[in-house]
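Peer 1: The structure is given below, and queries will be raised subsequently.
The values are calculated or read from the model by the stated rules, or taken from the named source; none is laboratory data. Predicted, not measured: the structure shown is a model, and the values here were computed from it. No Cβ is skipped: glycine too gets one built from the backbone with ideal geometry, and neighbour counts run over all protein chains shown. The protein model used for the area step is the full one, side chains on, heavy atoms only, and it has no ligands, DNA or RNA in it. Shrake-Rupley method; radii C 1.70, N 1.55, O 1.52, S 1.80 Å.
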Amino acid sequence: MTTRAKQSQIHVIDERCKGCSFCVEFCPQHILYQTNETNAKGYQVVRVSEPDKCTGCGMCSRVCPEFAIYVETPDGKQ
Amino acid sequence: MKTTAIARIGAHPLDEYLRTDRLPHIWCPGCGLGMILGTVLRAIDKSRLDIDRTTIVSGIGCTGRAAGYVKLDSFHVTHGRALPFATGLKLANPNLKVVVFSGDGDLAAIGGNHLIHAARRNIDMTVICVNNFIYGMTGGQLGPTTPEMGRTTTSRKGNTEKPFNIPYLVGAAGATYVARWTTAHVRQMERTFIEALQKKGFSLVEVISPCPTYYGRMNEQATGLDQMRYYRYNSVVKHFANLADVDISLDGQIIVGKFIDIDRPYLPAPKGENGK
Ligand SMILES: Cc1ncc(C[n+]2csc(CCOP(=O)(O)OP(=O)(O)O)c2C)c(N)n1
Ligand code: SF4
Ligand code: SF4
Ligand code: SF4
């Protein structure tokens, strides 16, 4: 799922997410949350609550062990 | 908020370094291995290494599976032998950048002797030693890094053996670059990997990583997130700490940072030395 915000786009590759919540815990803006929505393997995937607060810092992408979340800003992908 | 359909596979910034057809990988939810592998790939990318001359060598274990997920020349070798294999690779082809990515069991238990000798000989390579305090792949047995009183499937009442302090061990053997981070220090880890990749000589970075399935569950940190929180709130950065003091206890502080960064002659010797 791709969420478009003012300064960035946050992409979650649902089929890779295993619902570990590392991104939720480490996002400095606290704008990610785990949903009840499950992927084909039954893992609860994450979504963005207030996308416009995203700074494009790339922390979510760095802590994700599944290569399942990344952000795109005008400067490129992280 | 506007949302669009599905984020495409192949679009993740690390996908160009990954065998995406093999994802999702086999590692458990909350395991730290994917994050450490991602950080190595980011460091390789940022260091602008020639990926045709960059190789990853892994031994056996959950950690060892890393070699199978990277789209580089990678080698998944027998248990404990990642370092001798990597040594041969480097000596035969000094132009290669050799990275070893393996577990504490592979590198410090069955491969322990190779570890001290690779450090002593100062072979020019970068070793990422993932320490989850346990043998993950074979069912959570105690290993040489299990903290005292740590519970494992083969130490139900708590481990009574003294664990290796890996930075102290390889430092004493002669490693020229030694650091330690946890998976809760992903940015510092990335910077350290970049430095270690540039280092001429034997560099080793120990990364403390969650294994919720075995170690965490048996030691009151049931999820990867519990283990991450523990690292986040119980780590102390002490660069160039006295290595005798950096051992890890079951519920104490984890000392992290860069511990050693020195220079001495390394193998293979640069061209022009040793009469070549
Ligand atoms: C010669 C040999 N002995 C024992 C084994 C069984 N074995 C497979 S993985 C492993 C331990 C791996 O531990 P570690 O390196 O810490 O990796 P982890 O699975 O924890 O990531 C052992 C003992 C083996 N495969 N080969
Ligand atoms: S890029 Fe940074 S601010 Fe944006 S969602 Fe990821 S962690 Fe949060
Ligand atoms: S860190 Fe990755 S796998 Fe874990 S919940 Fe977030 S997107 Fe999913
Ligand atoms: S058993 Fe432990 S080390 Fe192996 S994949 Fe699962 S969590 Fe990771």
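Peer 1: Report yes if residue A:27 is within 11 Å of chain B (Cβ to nearest Cβ), surrounded by 22 or more Cβ atoms within 10 Å (Cβ to Cβ) and within 14 Å of ligand 3 (Cβ to nearest atom), otherwise no.
Peer 2: no
Peer 1: Checking residue A:61 against (1) touching a Lys or Arg at 6+ places or on another chain (Cβ under 7 Å); (2) hydroxyl-bearing (Ser, Thr, Tyr); (3) surrounded by 22 or more Cβ atoms within 10 Å (Cβ to Cβ), only one condition comes out false. Which one?
Peer 2: (1)
Peer 1: Moving on. With the requirement that a residue be out of contact with any Pro (no Cβ under 6 Å at 6 or more places or on another chain), within 19 Å of residue B:180 (Cβ to Cβ) and either charged (D, E, K, R) or away from ligand 1 (no atom under 12 Å from the Cβ) (or both), what does region B:129-149 give you?
Peer 2: Listed by number, the list holds a single entry, B:148.
Peer 1: Could you list all residues from region A:31-55 that are more than 11 Å from ligand 3 (Cβ to nearest atom) and over 11 Å from the mean Cα position of the chain (by Cα)?
Peer 2: Within region A:31-55, A:36, A:37, A:38, A:40, A:41, A:42, A:50, A:52, A:53, A:55 meet the criteria.
Peer 1: Still on this structure, I have one more. Could you list, ordered by first residue, the pairs with Cβ atoms under 6 Å in which the first is in region A:63-78 and among the acidic types (Asp, Glu) and the second is away from ligand 3 (no atom under 14 Å from the Cβ) and not in a loop (DSSP other than H, G, I, E, B), at least 6 apart or interchain?
Peer 2: A:72/A:9
Peer 1: Which of the following residues is more than 14 Å from every other protein chain (Cβ to nearest Cβ) and farther than 22 Å from residue B:98 by Cα: B:214, B:230, B:177, B:266?
Peer 2: B:214
Peer 1: Can you pull out the residues in region B:40-62 that are more than 16 Å from ligand 4 (Cβ to nearest atom), among the polar types (S, T, N, Q) and touching a strand residue (DSSP E or B) at 6+ places or on another chain (Cβ under 7 Å)?
Peer 2: Once the filter is applied, which keeps residues that are more than 16 Å from ligand 4 (Cβ to nearest atom), among the polar types (S, T, N, Q) and touching a strand residue (DSSP E or B) at 6+ places or on another chain (Cβ under 7 Å), region B:40-62 yields B:54, B:55.
Peer 1: Would a scan of region B:204-218 turn up a residue that is open to solvent by 70 Å² or more (accessible area, probe 1.4 Å) and either closer than 25 Å to residue B:105 by Cα or in a loop (DSSP other than H, G, I, E, B) (or both)?
Peer 2: Scanning region B:204-218 turns up at least one residue that is open to solvent by 70 Å² or more (accessible area, probe 1.4 Å) and either closer than 25 Å to residue B:105 by Cα or in a loop (DSSP other than H, G, I, E, B) (or both).
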